[in-house]
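None of the figures in this text is laboratory data; all of them are computed from the coordinates on show. Model, not experiment: these values are computed from the prediction.
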Amino acid sequence: MLKVIFKRKILFIYIPLAVHWITIFILTSLPGDSLPEFALDDKVKHFIAYFVLSFFLTIALKVQERYKKFKVHFIKFAFIITIIYSTFDEIHQAFIPGRSAEILDWIANLLGLTFGIYAAYRFLLKFNTTDTLAVGTESE
């Protein structure tokens, strides 16, 4: 299964990652009074958004072939990239009418991205092939 996903990584990994990331940006850029309503708590929405983002980003960093350092240290870079984006996203919301930057939202983002990275790692581990999880073991 993992070989099929890796072989068709644009369809199964890169496109969902890009669509989700763009969706997060659009939704967090909308004024507070024009947001679509979902029957979920705000913190749960943050958790889910960053869980999905970090899940796909972690796998994308592992399957890409262009940057060896990202491939080898995919977990570390997924965490760094998503925590930086989450921080800027919360700050950016302070400038949107009807929105605010909240530390509890950022904590929900942090928890979501941490669990998303862990879930991606477990996903890759479950379908491990010979080179799937050489985490930080290749020479740089």
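GNM on the chain, alpha-carbon springs under 10 angstrom: the most fluctuating residue among 95, 51, 79 is 95.
Suppose only helical runs count, i.e. DSSP H with n ≥ 4. What mean residue ellipticity at 222 nm does that imply for the chain under -39500 (n - 2.57) per run, divided by all residues and rounded to the nearest 500 deg cm²/dmol?
The helix-only estimate for the chain comes to -21500 deg cm²/dmol at 222 nm.
Dividing the radius of gyration of the alpha carbons in the stretch 1-111 by their Kirkwood radius gives 1.02 for Rg/Rh.
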